[in-house]
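Read-outs throughout are calculated quantities, based only on the coordinates presented, and are distinct from any laboratory measurement. Since this is a predicted model, take the numbers as computed values, not measurements. Positions of Cβ are backbone-derived with ideal geometry, glycine not excepted, and every protein chain shown enters the neighbour counts.
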């Protein structure tokens, strides 16, 4: 039985909710703060994940790479004005070891374009690894596995 | 082809032979789309199907599309690759229901009609009825009733198919100046698939095709490219367009050109900026093919590209989905010979391409901007005159020559 004490469960829920919030509220600069310095964040699809193909749509193995992605979105890349709305499920705890644990959480993300078009842009699951550092939970790893193998137009904002 | 292809209703004016501008109705109309399916995708063209390494064992298959037509590509019992319409001869159901897999036999789920791996109809359930009653008519012959077969060819592990028996061999189709660039990437080491991704784009497929042949936009739209000196217009490079316009290759390589920043400043382009990376390890690369070329885009008419962006090797299959939509299928490649460090290098550089690519992201939305920008302007022509008005090869990449090449091939094959 994978058990996490109630305090940590609440902290996990808050952390995941805050992660979504900073992206949805256009506070992208805060997004890398959810990760440890050496971390792994990648976005892939269920088909690639199942087949063990590790090339990702987004790949970062340092907080610096995450910051670079934010800077590119702010200053370099061209994409039409859009915002996300994340809705998350409850985290399933997969494994607990000391001050680290792994979890899997469903997500649905709607994308709202400047035109008003609102679509269910992505659904999938976060396969996470966390470490408790002081009283904060930091991601050492987040693998975003999108259920669909198709992205509509482009993927600009992180999931 | 003797039959007429039909008349496109006016307004449909496009000055004869003009390739330096395209009227926007070409990207908007259903009748043009229908003609493309017939003349191009089912015509004298080669269409990318898969890699031969995806179907190594007898019965291995890939289900893909040639234009709108679903196609089954399978490794036959004699070790050859066969391709035919993914359609039962009976009443039209799909034969393969997954994207890829292994078949012991090809049997339609609907009524059990069965096919050889070469695409011949070989079995009909209850063909002779039961107890002398029912069954197919006496004069029915299974020969000649099967899904249409494609001619299949393989070039450096890339499998192409055509519905035409008249299309030249693929080496001639590409042209002798372009062909070596396929082998440059695919011919020396053993390709392996690192990932497969798909995008649905809200634009006519030809807007994306133009983009793949457009060396002019690369360092302007894609700020990322330029600032990190992966691609600047002033790097050495060239564009080769084959004689009929149906294939091109654009190459560029690193050089120590001091006047680079000045050229961009004069033009007051967005491409001159002080954007700096916190973790530049992402861009660490190697001169993988030993010739200093770090960008290659090779395209083949109508809808295939083989590209190298530093060390991200990828295939793109462009599939039309009506006049205002398309599907873009990416296959990312590495090589069996990669060391773990080289493989990681490709993973990190992968941030540049695909739907979220620092470079490719813009290519995803720009087609839609064009489709929307040209709504209501069916009779207006685009301007494709950078570098001249012909589809010649060029030592400069400040040219739209390869785009004009596409239109030259298009007008010829479409009889438009």
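General observations
- Cα pair distances of chain A binned at 10 Å [whole percent]: 10, 40, 38, 11, 1
- Rg and Dmax of segment B:1-147, Cα atoms only, in Å: 20.1, 69
- Using a simple spin-label model with pseudo-atoms 7 Å out from Cα toward Cβ, residue A:30 and residue B:339 lie 4.3 nm apart.
- As a calculated quantity, the FRET efficiency between residue A:110 and residue B:58 at R0 = 35 Å, using C-beta atoms, amounts to about 0.15.
- To the nearest ten degrees, helix A:6-24 and the longest principal axis of the Cα atoms of chain A are 10 degrees apart.
- Crossing angle, helix B:340-349 versus chain B [Cα axis fit, 0-90 degrees, rounded to tens]: 80
- Average beta carbon contacts from partner chains per residue of B:73-86, 10 Å cutoff: 0
- Protection proxy ranking of B:357-369, B:284-296, B:123-135, by the mean of other Cβ atoms within 10 Å over each peptide's residues and highest first, is B:357-369, B:284-296, B:123-135.
- Translational diffusion of segment B:268-416, µm² s⁻¹ [Kirkwood Rh, Cα pairs; Stokes-Einstein; 37 °C; 0.692 mPa s]: 180
- The three principal axes of the C-alpha atoms in the protein assembly as shown carry coordinate ranges of 83, 71, 49 Å, sorted with the longest axis first.
- Spin-label model, residue B:130/residue B:142: points 7 Å from Cα along the beta carbon direction are separated by 2.0 nm.
- Potential lengthening of the chain between residue B:156 and residue B:116 amounts to 11.7 nm, from the contour at 0.36 nm per residue minus the alpha-carbon distance.
- Note on chain B: helix-only mean residue ellipticity at 222 nm, from DSSP H runs of 4+ residues weighted -39500 (n - 2.57) and normalised by residue number, equals -5000 deg cm²/dmol.
- R0 of 41 Å, Cβ-Cβ distance residue B:217-residue A:6: FRET efficiency to nearest 0.05: 0.15
- In plain terms, the residue of A:83, B:393 with the fewest other Cβ atoms within 10 Å comes first and the most crowded comes last, giving A:83, B:393.
- When the Gaussian network model of chain A links Cα atoms closer than 10 Å, the mean-square fluctuations of A:44, A:119, A:140 top out at A:119.
- Likely footprinting exposure, B:416, B:95, fewest C-beta neighbours within 10 Å first: B:416, B:95
- Residues residue B:104 and residue A:132, FRET efficiency given R0 of 56 Å [Cβ-Cβ distance, rounded to 0.05]: 0.60
- Within 10 Å of each Cβ in B:343-353, the average number of Cβ atoms from other chains: 4
- Degrees separating the helix A:63-75 axis from the principal Cα axis of chain A, which is the longest one: 20
- Ranking of A:49, B:48 by count of other Cβ atoms within 10 Å, fewest first: A:49, B:48
- Once the Cα gyration tensor of chain B is diagonalised, semi-axes √(5λ) in Å: 41, 27, 18
- Spin-label pair residue B:31-residue B:375: with each label point 7 Å from Cα along the Cα-Cβ axis, the two points sit 2.3 nm from one another.
- Each 5 Å bin, from zero up to the one with the longest distance, holds this percent of the alpha carbon pairs of segment A:1-63: 4, 14, 15, 18, 20, 18, 9, 1.
- Other protein chain Cβ atoms within 10 Å, averaged over every residue that makes up A:49-56: 6
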